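J.: Sharing a structure with you now.
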Amino acid sequence: MLLYLVWLLPLLGAVLLFAFGPQLKSWAGPIGSAMIGVPFAATLALWPEATAPGGGLHLQPMVTWLNGWSFGLQLDRLSLIWTLVITGVGFLIHVYSIGYMDGDRAFARFFAYMNFFVYAMLTLVLSDNVVGLLVGWGLVGLASYFLIGFWFERPSAVGAARKAFVMNVVGDVGIMFAIFVIVAKVGSIGYADVFAKFGTAFTKEELFLVCLGLFIGCAAKSAQVPLHTWLPDAMEGPTPVSALIHAATMVTAGVYLIARFAPLWNASPDARSLVGVIGAITAIAGAVLGCVQWDIKRILAYSTMSQIGYMIMGVGVGAFEGGVLHFLTHAFFKAQLFLTAGIVIHALHDEQDVRRMGGLRTRLPFAFIAMLVGVLAISGVPGFSGFFSKDAVLYETLAKGHPYLYAVGVITAGITAYYMFRMLFLTFLGRYRGDVDPSDLGIRHPELAGTAPAAGHHAEEEEPHHHAPAWLMTGPVAVLIPFSIFIGWVQFGGENSPWARFFGDFFGAAATTGPVPAPPFSEGVSTAIVLVLVLAGFAVAWLRYWKPDALQNAVPRLRTETVRTPALLWNAYYFDAAYDYLLVRPARALGGAFVRYVDPHVIDAAVREAAISSQWLGHLFRSFQTGLVRAYALSIAFGVLCVVAYYAVVFGGGR
Amino acid sequence: MTLTALVLGPIVAGLLLYALPRSATNAARAVAAIVAALAFIAPLVDPSAPDAAARWLSRPFTASFHLGFGPLSYWLVLLLALITFSAALTLKGDRAREIAAQLLVLQGAMNGVFLAKDLLLFALFWDLMLIPVFLVLITTSAHGRPAWKYLIYNLVGGLTLLLATAAYGVLAGTTDVIGNPTAHFSVVSAWGLWIFAGIAFAFLVKTPVFPFHTWMPETYAELPPPMVAVVSAVQSKAGLYGFMAITLPLLPAQMGQAQTLMFALGLAGLIYGALAALGERDAKKVVAYSSLSHLGLILLAVFSGSSLAYIGALVYIVAHGLFSAALFLALGAVEQREETRDLARLGGLAARNPRLAGALMLGALAALGLPGLAGFAGEILILTGLFKAGWTLAAVIALVPVVLASAYMLRMFQGIMNGPDVPDLPERRDLTWLESLAIAPLVAAFVWLGVNPGALTAAADRGARTTPPAAITSSVAVEAPRVVSSR
Amino acid sequence: MSAPVDNYIALSAVLFFIGVVGVIVRRNPLIMLMSIELLFNAANLALVTYARAWVNNAGHIFAFLVITVAAAEAAIGLAIVAVTFRRSPRVDVDEVATLKG
């Protein structure tokens, strides 16, 4: 029963806030937060049941469509981790939003969407079958669409929202394809049935196809190359949305999906290679793009993409525990980074361009500390949570026999340190550059870059209002800080760590095609290599942005850097342009041609020809209708004569 | 008694409406809504109403005035009543009385189509349901062209249906055969295929299926909103219902022979409609083309020979009825307020019309197959059924329009509702309570069906068992080898 | 006994032929109506003749029916003729051709 409460309270909140939002006024925020906080507490209460032996908590099906299509809820160790993060981090972000969204015209609508998102995400992780998962999968996409397009008067937000939704539908379609195969071969959609029967039901190719279909879904939702282009654009949404959906929870659903279907991946080495490679490509591609961004949220967006690449690489090669741990630590430190960025953006009245920041350390000391902790955590500095999880993923990758993926991951770790420190230095150190003429910084079209204060309904409308108390925004960040530091310690102790014991043999062992060569060096050496590279990344960032002369000449140096950004990177490898020219435009042009040319001038023309031929027949008959009564009479007489003649010939012989 | 009342009641009520004064908008709306509500309640109260039958012809073949519920028709009658009710509530303007009257006549005629258990009676009602649509169309469209196009296309279909019915009657001795499990008359030799072709042509035109669809966008664009809701939601299902309830049990071998052709048409329509919807600027025509795409999918399901897809087809028929009616009513509200349907001109309505935006959004979401709404339930059942029956390639191709659907539906929604305010658009008033009341039951129904289509799937399962779609599959093995081999 | 059946039938044929020629040749609607009456009565004569010859009263009944129809026809026809005369006093049926296709 408690699980139903966990699942349905956010939905209730969404409906309430949507129906009675205007009447609730400023109560919308606290109510929305409570609808997430209570499920969090309830989930904690369910911990013993969820971790009980025998697969955790599994409720009776609620709905049955057909034989084999039953829908129920389950809470096991894996979904427990996700549920706790969704409701826990979600609750903090809701509280933060009360402060951040204060004074927005659609305050209640925002919380309605956020509650709806949490509900959808819970549907995704609590479902005990693959169609239910797809329902959650689609609904989180919808919530993401609503929240990216939250300020729907902005054309850029509207376009970004549509792009995110359509690309996510590509992922839905991948999962649908997997469902086809599962239903056709297994005959049931429940996880339990699938895992029990897939070994005998699937051939090797079918297994790969199922994994491929699931992975397409995962790539779209988790912004993996080549379906990643929506994520940076998704930053059009309010910052808490970026923190909750596009960093902490929704985008990591792909990791959940692969971990949930671990038995399938264990059995398919081909699928593992594919996923591992895509994850590694995404990790490094995102990290490289993160180095040339100026929008603080886009830097974080690309870092998210890169970090999810790590997780996907981890779960892809079979290092499920490491991948899931990285999800857990990432959820905390990335939420913290985004929320801190939100504090900065809020303080600077919607300025998001790091070139126009600088020197905020004294103005926003708390934000500086929080951001510093986040950057240290994401860079993998020892002692911080990111260190443990990233190390686990990387070393497991090597141990499972993927030296090239390992190399990519290690290099990415160095790049990560560089661009995160770059962001930190640009934002908080040196002199404040907000009063510098944008063109001196190389910013040509501040309004087009989407970085200038957006036409300002947000800033304008909050002026006459009271300000929400500052602790609403700093408090949640302060709660996140210790987690960002310490949550990774659960992995301390290797085989006997609490984390390893928590999962035990939950994920099972991966089948391999041959003996895996022993890793060439121990975990300690690997850690040392990573640390050296992180240090190198930090050093480069220091040289370019923190050295005294770099701080002195910040403005001209930033201008030079802006102008010299390689076009390939600035255009994000031209993925968007390629999709536009190869898919979007041809489809539109074809559709337009169908409507304006094929329908009227081909299909209708054929019909018209038929009509014209019957018209010709009509003309022929028309000529008989002379209108002369006497002519008609004559023809009648002639007809009668014919009839008489007929009878005369046929029967005439009688006399 | 119930069944006869379901058919004749609305027709009589509709004709009596002409006795009201022309300006009696409210009275006409109330009468239409009450009649529709009664038609909704009657099947619920009396779900096992006995057949109504009266001998009609005995030479050259026997035919009866025979009405009865079947596993599919029961739901279609309910759907029709619900949508007529919603449509009636949105009636407004100086032509409300006439449209209300024609709505009721249409409802009666379509109940006749769904309830007829005699092929000749079916053909009669089939043509009767053209009349109200034509009469409304000829008076609303500016130059009358769409009306004639609609009439001629559908009359040609009606003619072939009538000829095929007559041929069937002469060959089989009776036309009292729909839903009659003992009437396993197999039409021999070449005649069977001709009879099937005649019936199928009528169904394909009415649905419509590519390439017989060109009457549809114009008709949908020109009809007043209440009428187009009923036509797109229910009349377009008459052909698919016919395939499922008439030709599948009666002419399974011929269905099998036509399978490859129908798959080609269905897939072509699926892709063509989706791309055309992406290229169209007129909001109502976007939905019209999307219907072409969705109905193509149902056609695939009907001809696939898979019982899972057959079940999905009924779910999707009802789902499509609900969401297309909601979409057209919402678009009608937009058109009445802004006096344009051009996506390039509209924009930014959501800020002042939250209820209207919500209604349109929900309709669009159901139409694009959002998981959790009824469209998805039908879609996934159909596609899975296709795949399971061995139509792997078709199932994979049919996934492409799913992506396109999200693109064109959001394009339509955002073009109307989002973006900056367009200053020179006329008056803005959010949905009235009456309009909200009209759309609400449709939304409630497709949400409920999306979560639990159990009642429908059970009915369709019954239908699938009494009229085994497997008959197609077995005939295919002999007569028309699959284009795609099963894995 | 009266004259043989053949004579009556011959008279009937002659009357019918005169009627047909009258309808086809004359242009005055009144004369055409009169010719049509001749046609009817030629048919009546044939019916009555055969009814008498074969002692079957169905022919008489038919003759009455034809008389009734003829009366109705004359009424409608004369009404139409009256209307056309109102348009112009000299009426030529060839000029009344509004139903021309």
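J.: Per the helix-only calculation at 222 nm, which mean residue ellipticity applies to chain B, given -39500 (n - 2.57) for every DSSP H run of n ≥ 4 and division by its residues, nearest 500 deg cm²/dmol?
T.: -23000 deg cm²/dmol
J.: On the Cα set of the stretch B:357-439, report Rg and Dmax in Å, please.
T.: 17.2, 55
J.: Along the Cα→Cβ direction, 7 angstrom out, place labels at residue A:636 and residue B:437. What is the inter-label distance in nm?
T.: Each label point lies 7 Å from its Cα, and together they span 6.2 nm.
J.: Roughly how far apart, in whole Å, are the Cα centres of the stretch B:1-72 and the stretch C:51-92?
T.: 45 Å
J.: Hey, another quick one. Mind checking the full-extension length gain between residue A:204 and residue A:644? Use 0.36 nm per residue of separation minus the Cα-Cα distance, one decimal, nm.
T.: That works out to 149.9 nm of additional length.
J.: Using alpha carbons only, what's the Rg to Rh ratio of the protein assembly as shown with Rh from Kirkwood?
T.: 1.11
J.: Here's another thing I want to ask about it. Please report the relative contact order for the stretch A:1-135, taking Cα pairs under 8 Å with a sequence separation of at least 6, and give it as a percent rounded to a whole number.
T.: 36 percent
J.: Can you give the convex hull volume per residue for the Cα atoms of the stretch B:1-250, as a whole number of Å³?
T.: 113 Å³
J.: Show me the ranking of peptides A:40-46, B:411-417, B:429-435, A:156-162 by mean Cβ neighbours inside 10 Å, starting with the highest.
T.: Sorting A:40-46, B:411-417, B:429-435, A:156-162 by mean packing, highest first, produces B:411-417, A:156-162, A:40-46, B:429-435.
J.: Another question about this same structure. With a Förster radius of 51 Å, plug the Cβ-Cβ distance of residue B:138 and residue C:27 into 1/(1 + (r/R0)^6) and report the FRET value to the nearest 0.05.
T.: Efficiency, from the Cβ-Cβ distance: 0.80.
J.: Roughly how many nanometres apart are two label points built 7 Å out from the Cα toward the Cβ at residue B:393 and residue A:2?
T.: That separation, rounded to one decimal, is 5.5 nm.
J.: In what sequence do B:66, A:326, A:619, A:58 fall when counting other Cβ within 10 Å, fewest first?
T.: Least to most surrounded, the residues fall as A:619, A:58, B:66, A:326.
J.: Can you work out ³J(HN,Hα) from phi for every residue in the stretch A:230-243, in order, using Karplus 6.51 cos²θ - 1.76 cosθ + 1.60 and θ = phi - 60°, giving whole Hz and x for Gly and Pro?
T.: Rounded to whole hertz, the list is 6, 5, x, 5, 5, 5, 5, x, x, 4, x, 5, 4, 5.
J.: Please determine, in degrees from 0 to 90 and to the nearest 10, the orientation of helix A:523-545 with respect to the longest principal axis defined by the Cα atoms of chain A, where the helix direction is its Cα long axis.
T.: It is inclined by approximately 90 degrees.
J.: Just check the stretch A:110-158 against the gyration tensor rule for me: Cα atoms, a ≥ b ≥ c as the square roots of the eigenvalues, rounded for a/c under 1.5, and otherwise prolate or oblate depending on whether a/b exceeds b/c.
T.: In terms of gyration-tensor shape, oblate.
J.: Shifting gears a bit: Convert each backbone phi in the stretch B:417-431 into a coupling constant with the Karplus relation 6.51 cos²θ - 1.76 cosθ + 1.60 (shift: θ = phi - 60°), then list the ³J(HN,Hα) values in order as whole Hz, x for Gly and Pro.
T.: For the stretch B:417-431, the Karplus curve yields 9, 9, x, x, 4, 9, x, 8, 7, x, 2, 10, 9, 5, 3 Hz.
J.: Measuring from centroid to centroid over Cα atoms, what is the spacing of the stretch B:115-138 and the stretch A:599-655 in Å?
T.: Here the answer is 30 Å between Cα centres.
J.: Quick one: helix A:604-622 against the long Cα principal axis of chain A, what's the angle to the nearest 10°, folded into 0 to 90?
T.: With both axes taken from Cα atoms, the answer is about 10 degrees.
J.: Could you work out the helix-only [θ] at 222 nm for chain A, with each DSSP H run of four or more residues adding -39,500 (n - 2.57) and the total divided by the number of residues, to the nearest 500 deg cm²/dmol?
T.: -22500 deg cm²/dmol, from helical runs alone.
J.: Restricted to Cα positions, what overall size does the stretch C:5-95 have along the principal axes? Three whole-Å values, descending.
T.: Sorted from largest, the Cα extents of the stretch C:5-95 read 50, 23, 12 Å.
J.: How do B:338, A:49, B:379 rank when sorted from fewest to most other Cβ atoms within 10 Å of their own Cβ?
T.: Listing B:338, A:49, B:379 from fewest to most nearby Cβ atoms yields A:49, B:338, B:379.
J.: Could you list the residues of the stretch A:406-447 with an amide nitrogen less than 19 Å from a label point located 7 Å from the Cα of residue A:543 in the Cα-to-C-beta direction?
T.: Answer for the stretch A:406-447: A:411-426.
J.: So what is the relative contact order of chain B, in percent, for Cα pairs below 8 Å that sit 6 or more residues apart?
T.: After rounding, I find 16 percent.
J.: Further question: Where the eigenvalues come from the Cα gyration tensor of the stretch A:163-266, what are the semi-axes √(5λ) of the equivalent ellipsoid, largest first, in whole Å?
T.: The answer is 29, 13, 10 Å, longest axis first.
J.: Please give the Cα centre distance for the stretch B:223-263 versus the stretch B:397-450, rounded to the nearest Å.
T.: Cα centroid to Cα centroid, the span is 26 Å.
J.: Which number gives the lysine pairs in chain B that have C-alpha atoms under 22 Å apart and are eight or more places apart or on different chains?
T.: 12
J.: Taking 0.36 nm per residue of sequence separation and subtracting the Cα-Cα distance, how much length would be gained by fully extending the chain between residue B:340 and residue B:148, in nm to one decimal?
T.: 66.7 nm
J.: Set the Förster distance to 60 Å, then compute FRET efficiency between residue B:131 and residue A:552 from the Cβ-Cβ distance, nearest 0.05.
T.: 0.10
J.: Okay, next question. When Lys and Arg each count +1 and Asp and Glu each count -1, what net charge do the other residues less than 11 Å away from residue A:317, Cβ to Cβ, add up to?
T.: +1
J.: Moving on. Can you give the Rg and Dmax of the stretch A:114-196 based on its C-alpha atoms, in angstrom?
T.: 15.1, 50
J.: Can I ask one more? Restricting to Cα pairs below 8 Å that are 6+ residues apart, what does the relative contact order work out to for the stretch C:5-95? Please round to a whole percent.
T.: Contact order relative to length: 32 percent.
J.: Quick query: amide H of residue B:62 versus all other amide H atoms, modeled in the peptide plane; which residues come in under 5 Å with a sequence gap of 5 or more or a different chain?
T.: Answer set, sorted by chain and number: B:174, B:175.
J.: Specify which residue in the list A:199, B:10, A:475 is farthest towards the positive end of the charge dipole of the protein assembly as shown, using unit charges on the beta carbon of Lys, Arg (+1) and Asp, Glu (-1), about the Cα centre.
T.: So the residue furthest toward the plus end is B:10.
J.: How high is the FRET efficiency from residue A:273 to residue A:518, r the C-beta distance, R0 25 Å, rounded to 0.05?
T.: Once the sixth-power term is evaluated, E becomes 0.80.
J.: Grab the other residues whose beta carbon is less than 14 angstrom from that of residue B:69, score K and R as +1, D and E as -1, and report the net.
T.: For residues surrounding residue B:69, the net value is 0.
J.: For the Cα atoms of chain B, what angle does the longest principal axis make with the long axis of helix B:2-17, in degrees from 0 to 90, nearest 10?
T.: Orientation of helix B:2-17: about 40 degrees from the principal axis.
J.: Something else now. With all distinct Cα pairs included, what does the Kirkwood hydrodynamic radius of chain A come out to in Å, to one decimal, could you say?
T.: 27.1 Å
J.: Here is a follow-up. Please grab the % of Cα pairs in the stretch A:302-395 that end up more than 18 Å from each other.
T.: I get 49 percent for the Cα pairs in the stretch A:302-395 exceeding 18 Å.
Throughout, read-outs are computed from the coordinates displayed, never taken from laboratory work. Since we're looking at a predicted model, the values are computed, not measured. As a convention, Cβ positions derive from the backbone with ideal geometry for all residues, glycine included, and neighbour counts pool all protein chains shown.
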